[in-house]
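Worksheet: one structure, shown below.
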Amino acid sequence: MNNRYKVILTATLFLIQIWSPALFAHCEIPCGIYNDKLRIDLLLEHTATIEKSMTQITELSAAGGKNYNQLIRWVVNKEEHANQFQHIVTQYFMTQRIKMPEDSSAKEAYLNQLSLLHEMLILAMKSKQTTDIEYCNKMRQAIDSFSTAYFGKEELQHLKEHK
C-alpha cells in the first residue's frame with residue numbers, strides 16, 4: 001500500500017471518529033414500544049449496504065486513475081453501516097429485548113440467542129476489516145439463525161408470509 005493511500009485512509013478514519021453522529025439507544029426508559037421485525041429488516045438492509053460498499057471499494061481500487069474521494073466515501077459508508085448494525089445488536093436486542101431467564105428451563109434458548117448475537121457482532125467487526133463479501137453472506141446466515149431462535153419457526157414463517 002503506498003504512503004498516499006495510507007495517509008488518506010488514516011485521515012478518513014480519524015474524521016469518522018470525530019464527526020460521526022452519536023448513536024442513541026432505542027429507548028431505555030423502557031417505553032414498551034418495540035418493533036423487532038423492523039430491527040431484523042434494518043440488520044439485513046445494513047448488510048446489503050455493507051456488501052454494496054465492499055463491491056464499490058473493490059471496483060474503485062482496481063480502476064485506473066483512482067478516484068480517491070469516492071473510494072473514501074465508500075469506506076466511510078461501510079464503517080457507518082457496520083457500526084449501526086452493531087448498535088442494533090447491542091443496544092436493541094442485547095440490552096432491551098433478550099431477557100435473562102428466571103428459571104433454568106429457558107437458559108439454553110437464552111444462551112443460544114446471546115451466542116448468535118455475539119457472532120453477528122464479530123461478523124460486523126470483520127466486515128469493517130475487509131472487502132470479502134463472504135462476511136456479508138455469513139451475516140445474513142447469522143441474522144436468519146437468530147431470527148429463528150428469537151421468533152420461533154412458526155412466528156418467523158408468519159412474518160415472512162406477511163412481508
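List of remarks:
- In the stretch 113-134, the residue that is farthest from His46 (Cα to Cα) out of those that are surrounded by 15 or more Cβ atoms within 10 Å (Cβ to Cβ) and among the charged types (D, E, K, R) is Glu119.
- Yes/no for Lys99 being outside any helix (DSSP H, G or I), free of Cβ contacts under 8 Å to residues at least 24 places away in the same chain and among the charged types (D, E, K, R): yes
- Considering the stretch 84-112, and only residues there that are surrounded by 14 or more Cβ atoms within 10 Å (Cβ to Cβ) and of a type in the set (A, V, I, L, M, F, W, C), the residue that is farthest from Phe151 (Cα to Cα) turns out to be Phe85.
- Boolean, Ala142 is aliphatic (A, V, I, L, M), in a helix (DSSP H, G or I) and in contact (Cβ under 8 Å) with a residue 40 or more places away in the chain: no
Every residue, every condition in (1) among the charged types (D, E, K, R); (2) under 12 Å from the mean Cα position of the chain (by Cα); (3) on the phi > 0 side of the Ramachandran plot, yes or no:
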position: Ala62; (1), (2), (3): no, no, no
position: Lys66; (1), (2), (3): yes, no, no
position: Leu71; (1), (2), (3): no, no, no
position: Trp74; (1), (2), (3): no, no, no
position: Glu80; (1), (2), (3): yes, yes, no
position: Gln84; (1), (2), (3): no, yes, no
position: His87; (1), (2), (3): no, yes, no
position: Gln96; (1), (2), (3): no, no, no
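Values in this text are rule-based calculations from the coordinates and carry no lab data. These numbers come from a predicted model, not from an experiment. Cβ sites come from the backbone with ideal geometry, for glycine too, and all protein chains shown count toward neighbours.
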